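Below is one structure, written out as structure tokens; the observations come after it.
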Amino acid sequence: MLRAKILSTGSSLPQRVLTNTELSQMVDTSNEWIVERTGISERRIADKDKATSDLAYEASKRALKAAGMKVSDISMIIVATISGDMSMPSTACFLQKRLNAKNACAFDVNAACSGFIYALSTANAFIRSGLHKNVLVVGAEILSRFTDWQDRSTCVLFGDGAGAVLLGAHRGKSGILSTHLYSDGNLWDLIQVPAGGSRMPASKDTVEERLHFIKMKGNETFKVAVKTLGSLVEMTLRHNGLSPSQLDLLIPHQANHRIIQAVASRLGLSMDKVVVNINKYGNTSAASIPIALDEAVCSGRIKKGDYILLESFGGGLTWASAMIKW
Ligand code: ACO
């Protein structure tokens, strides 16, 4: 059976670390509150001269090197992001230029924190249909540029980074076994950047009212996320005829340590089967899953034949899962 297989991974994190203690000097918060309510201790912040495609480029170069693949062999580049270099052209086109990937078409996917699984699922469909053989899928964000550093309810949450995977066509039993994508636009207003689009174009007023920054109804989002993700992971396992005990690794989107724990406990999974790095990087939206996957690969946590479940939840609302046999 023709499947898409992850051939390699790569990631890129900015050097600059912003700690909770530094944040507590900027807004009315404390290290204790942030750690207890979110699990985050620090996050990375991109240098001023970097854009999202720069992080995407570093992560992609590492994935290409790890696969030993020539850039000319890539026929499609998909970047999942909500913090692209510009609203037009796409960040994927900037990445294509940097990589000199002349044979690739390139486009972005916007599904907020679920963006990486949406992009992976799109690439999977193109590969399984036989239309594309090698696809580069990247999740990349510089959320610090869209963060309101005066709003303690959001500024403690987000961070910058990028992760990339190279997918290749493969005949066999391993690879991406399933993807499931869901949305509910009725709940669009739980997480949004109100201004800068066609509904509320950028103006002096929108800038003064800080409407170009991320706004989130955190507590409402939290409740929907826990409920939705619990059903999502159970359905994904059932769809693949697997029991929770057969799962080798859960790689969740890193939005909140309590959400991650709730999903793990719903499946009866011990936390040593869950990849958690939110303490170091915060919520990097579309980048969080490919960064966590790359860390798991590099640290030898993943072996051939392992069943790996990816899951995410984010603005839109959107939620998504992917089951992989490594
Ligand atoms: N420091 C100290 N106190 C704070 C802070 C802070 N940084 N932020 C909020 N508080 C206060 C609030 O003002 C409130 O005070 P009050 O009780 O006096 O009114 C109190 O803490 C509790 O606030 P809640 O919002 O109810 O806190 P909660 O426990 O829900 O935690 C959080 C907030 C961390 C945002 C949580 O709700 C969450 O993680 N939500 C889900 C996020 C998520 O999954 N988003 C989806 C992906 S994001 C994307 O797609 C881009």
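Here residue 108 fulfils each of the conditions (1) touching a residue at least 60 places away in the same chain (Cβ under 8 Å); (2) within 29 Å of residue 1 (Cα to Cα); (3) buried (at least 23 other Cβ atoms within 10 Å of the Cβ) apart from (1). Against the conditions (1) among the polar types (S, T, N, Q); (2) in the same structural domain as residue 133 (by TED's automatic domain parsing); (3) out of contact with any helix residue (DSSP H, G or I) (no Cβ under 6 Å at 6 or more places or on another chain), residue 147 satisfies every one except (3). On the given criteria, is residue 183 surrounded by fewer than 16 Cβ atoms within 10 Å (Cβ to Cβ), among the polar types (S, T, N, Q) and outside the structural domain of residue 79 (by TED's automatic domain parsing)? Criteria met by residue 183.
Taking residue 21 as the residue in question, decide whether it is surrounded by fewer than 18 Cβ atoms within 10 Å (Cβ to Cβ) and among the polar types (S, T, N, Q). Yes.
Among the numbered conditions (1) within 16 Å of the ligand (Cβ to nearest atom); (2) part of a strand (DSSP E or B), the only one that residue 7 does not meet is (1). Counting only helices (runs of 4 or more DSSP H) wholly contained in the range 90-189, the ones carrying 1 or more residues that are within 13 Å of the ligand (Cβ to nearest atom) occupy 115-128, 152-155. Residues in the range 231-251: is at least one within 16 Å of the ligand (Cβ to nearest atom), surrounded by fewer than 16 Cβ atoms within 10 Å (Cβ to Cβ) and part of a helix (DSSP H, G or I)? Within the range 231-251, one or more residues are within 16 Å of the ligand (Cβ to nearest atom), surrounded by fewer than 16 Cβ atoms within 10 Å (Cβ to Cβ) and part of a helix (DSSP H, G or I). Given the structure, is residue 143 under 17 Å from the mean Cα position of the chain (by Cα) and not charged (D, E, K, R)? Answer is yes for this residue.
Conditions (1) outside the structural domain of residue 162 (by TED's automatic domain parsing); (2) of a type in the set (D, E, K, R); (3) free of Cβ contacts under 8 Å to residues at least 12 places away in the same chain, marked per residue:
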site: 8; (1), (2), (3): no, no, no
site: 21; (1), (2), (3): no, no, yes
site: 29; (1), (2), (3): no, no, no
site: 32; (1), (2), (3): no, yes, yes
site: 57; (1), (2), (3): no, no, no
site: 70; (1), (2), (3): no, yes, yes
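When residues in the range 203-226 are screened for being assigned to a loop (DSSP other than H, G, I, E, B) and either more than 27 Å from the chain's Cα centre (by Cα) or hydroxyl-bearing (Ser, Thr, Tyr) (or both), 2 of them pass. Selection of the range 274-326 for residues being on the phi > 0 side of the Ramachandran plot, assigned to a loop (DSSP other than H, G, I, E, B) and within 16 Å of the ligand (Cβ to nearest atom) yields 282, 316.
Pairs meeting the criteria (first residue in the range 297-320 and within 16 Å of residue 232 (Cβ to Cβ), second residue assigned to a strand (DSSP E or B) and β-branched (Val, Ile, Thr), beta carbons under 6 Å, at least 6 apart or on different chains) are 308/324; 310/251. Looking only at residues in the range 193-220 that are over 20 Å from residue 88 (Cβ atoms) and within 15 Å of the ligand (Cβ to nearest atom), the one that is surrounded by the fewest Cβ atoms within 10 Å (Cβ to Cβ) is 219.
The values are calculated or read from the model by the stated rules, or taken from the named source; none is laboratory data. Being a predicted model, the structure only gives us computed values, none of them experimental. Virtual Cβ from ideal backbone geometry, glycine too; neighbours counted across all protein chains shown.
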